[in-house]
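Undergrad: One structure, as C-alpha cells, below. Some questions next.
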Amino acid sequence: MPSNLPETLRKNARIAIHNLRIAFDKTAAWVAQLSWKKFILFCILVLIGGALVDEMFSRSSHPPVMVQHSGKKNKGPTVFEDDDTDIRIDGSGIRIRKKGASSKPEEDQDPKEAAAPAPATPADASPPSASPVPSPPSPPSPPEPPQPPKPPKVPRNIRIDNQGINIDLPPDVSEEVKDAIDQAVEEAAAEKAEKYRKKSSAWFMNFVLLLLVGLFGMKALMGGKKRAEARASAATADAEREALQRQVVEAKMQMMQAQVEPHFLFNTLASVEHLIETDPPRAAAMQRTLIQYLRAVLPQMRETPTTTNLGRETDIVRSYLDLLKMRMEERLTVDINVPTYLRAASFPPMMLQSMVENAIKHGLESKPEGGTLRLMAEVSGNKLMVTVADNGLGFGAVKSNGTGLGLQNIRERLKLLYGEHAQLIIVPNSPTGVCATIELPYQPAS
C-alpha cells in the first residue's frame, strides 16, 4: 500500500489541476462575455453581498473565552473555568483549583517544628568528677554551612495545599471582589470579541476584494483573447460558408456555360448547313474557317472560369461574326467599339456571345436586306455597361422556334455572380431593332 501512495497522489494532483483548469477556462469565458457595465454591476453586488454576509457572521461568531457561570446577584458562587483551572468566588473567599488535582489533603505540619533541629551535646563537656587534664590544642573547626532560606511567611487567611489555593475573605470584601472580577472579565471578553470580529471582518473583505481584483485582471487579460478567438471562429465559419456558396455558384455557372457552348455550335453548324444547300463552295470555305476557329477558341472555352476579361470575349465574338459574314456577306454590317483600356475589365465568359447570337437569329437573319450589329462598351460611375444593338425586325416580328435559353441564362448567371448589383436591360432600338445592355460592377479581371 505505501508503494502506491506517490502514484495515487500524482493522479489526484493531475485530476485536481485538470478540474482547476476547466473551472478557470469557464470562469474566464463567462467574465469575457460580460460587458464592462455588467461587470461593474456584478462587482458592486458582490461587495454588497460580502458586507451583508460579514455583518451576519460577525454578530453570531465569538472567540473562545473563559466560560463564566454566575448565579443571581449576591447569591451563589461565581465560577470561572478554562481547560486547566477552576476559580470559585463565594461569600467565604476565593478558591483556585487545578483540574485533575488529588482531593486528599496533605497533613498539616508546622514548618517551625519540622525545621527545628534536635538538641546537640557539646563535644567538650566532661564529667563533673573528672579532674582537668591538659589536652593538646585542637584544630580550628570548619565554617558552618549556609542555612537554607526560610520560606516566605504566608498570611493566615491564605492556605496552600495540593488542590490549589484558598483565600479566606470577609463576606463583604468577597462580594466586592466577585463583582469587580465579573466586570473585568466581561470587559475583557467584550474587547477580545471585538478584536476577533474586526480581524475576521478584515480578512473576509480582503478576500472579497482580492477575488474581484482577480476577476478584473482576468477580464482585462483574457477578454481580448476570448474575443479574438470568438472573432476568429466566426470568421472561419463565414469563410467556410462562403467557400461552400462559391463552390455551388461555380458548379451552377459551369453547368449553364456547358449549355451555352452547344447552343453556339448548333447555330454555327446551322449556318454551314444553309450554305451547303445554297452555295456549296462557300459552305466548304465556312466549314474550314469554323474548324480553325474551334481549334483556337474551344481550349479557352473549356477552362470554365467564372469570370474572364472583356477583351477575350470581344475577340471570340469578332471571330464568330467573321464566320457569319461568310454566310450573310453584305447583308451583315458589324461595328465594334470597345476601348482598349476596357479590354482588361472583368466580364463573365460566353455571355457576350449569347447576346450576339440572339441579335443575329431574332433580329438580322430574318430581315431580307440584313442590317447592322453594334457592340459598344463604356464605364458610367463604377458600372461597366456593354451593349449589343441591332436594327433588325424587333420584338415579336418573327415567331421564334428557340428554347429561350440565351437571355434566361444571362440573367441567372448575373444574379449568381453579382446579386442585385448587375442586370440585363432590353429595350427597343430606334428606329427598329433591339438594344440589350449588360450592366455590372467595373473591376479589373484577376
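The values are calculated or read from the model by the stated rules, or taken from the named source; none is laboratory data. The model shown is predicted, which means the values in this text are computed figures rather than measured ones. Counting neighbours? That spans all protein chains shown, and the Cβs are built from the backbone with ideal geometry, glycine included.
Undergrad: Just checking, how many residues over the range 389-446 are at pLDDT 90 or above, touching a helix residue (DSSP H, G or I) at 6+ places or on another chain (Cβ under 7 Å) and exposed (fewer than 13 other Cβ atoms within 10 Å of the Cβ)?
TA: Matching residues across the range 389-446 total 0.
Undergrad: Still on this structure, I have one more. Residues in the range 370-388: is at least one in a helix (DSSP H, G or I), assigned by TED's automatic domain parsing to the domain that holds GLU420 and under 22 Å from ARG413 (Cα atoms)? Can you show your working first?
TA: Filtering the range 370-388 for residues in a helix (DSSP H, G or I) gives none.
No, the conditions are met nowhere in the range 370-388.
Undergrad: Report, ordered by the first and then the second residue, all pairs with beta carbons closer than 8 Å, sequence separation of six or more or different chains, a first member in the range 176-203 that is of a type in the set (Ser, Thr, Tyr), and a second member that is outside any helix (DSSP H, G or I).
TA: These pairs meet every condition: TYR196/SER61; TYR196/HIS62; TYR196/PRO63; SER200/SER61.
Undergrad: Here is a check on your reading of the model: is ILE360 assigned to a strand (DSSP E or B) and in contact with a helix residue (DSSP H, G or I) (Cβ under 9 Å, 6 or more places away or on another chain)? Please lay out each step first, then the result.
TA: Values: assigned to a strand (DSSP E or B): no; in contact with a helix residue (DSSP H, G or I) (Cβ under 9 Å, 6 or more places away or on another chain): yes.
No.
Undergrad: Same structure, new question: I'd like to know if the range 43-56 contains one or more residues that are more than 22 Å from the chain's Cα centre (by Cα), modelled with pLDDT under 75, of a type in the set (A, V, I, L, M, F, W, C) and assigned to a helix (DSSP H, G or I).
TA: No, the range 43-56 contains no residue that is more than 22 Å from the chain's Cα centre (by Cα), modelled with pLDDT under 75, of a type in the set (A, V, I, L, M, F, W, C) and assigned to a helix (DSSP H, G or I).
Conditions (1) farther than 21 Å from LYS415 by Cα; (2) touching a residue at least 40 places away in the same chain (Cβ under 8 Å), marked per residue:
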position: LEU275; (1), (2): yes, yes
position: PRO280; (1), (2): yes, no
position: MET286; (1), (2): yes, yes
position: THR314; (1), (2): yes, yes
position: ASP322; (1), (2): yes, no
position: SER346; (1), (2): no, yes
position: GLN353; (1), (2): no, yes
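Undergrad: Restricting attention to the range 147-184, and to residues there that are surrounded by 12 or more Cβ atoms within 10 Å (Cβ to Cβ) and assigned to a loop (DSSP other than H, G, I, E, B), which single residue is modelled with the highest pLDDT?
TA: Result: PRO170.
Undergrad: Also: Write out, first by first residue and then by second, each pair whose Cβ atoms fall under 9 Å of each other, whose residues are 6+ apart or on separate chains, and whose first residue, in the range 330-343, is in contact (Cβ under 8 Å) with a residue 12 or more places away in the chain and in a strand (DSSP E or B) while the second is of a type in the set (Val, Ile, Thr) and surrounded by 13 or more Cβ atoms within 10 Å (Cβ to Cβ).
TA: Matching pairs, first to second residue: LEU332/ILE360; LEU332/THR372; THR333/THR372; VAL334/THR372; ASP335/THR372; ILE336/THR314; ILE336/VAL317.
Undergrad: Related question: Return the only residue of MET255, MET286 being modelled with pLDDT of 75 or more and assigned to a helix (DSSP H, G or I). I'd like the intermediate steps shown before the answer.
TA: Working: MET255 fails: modelled with pLDDT of 75 or more.
Just a single option satisfies the conditions, and that option is MET286.
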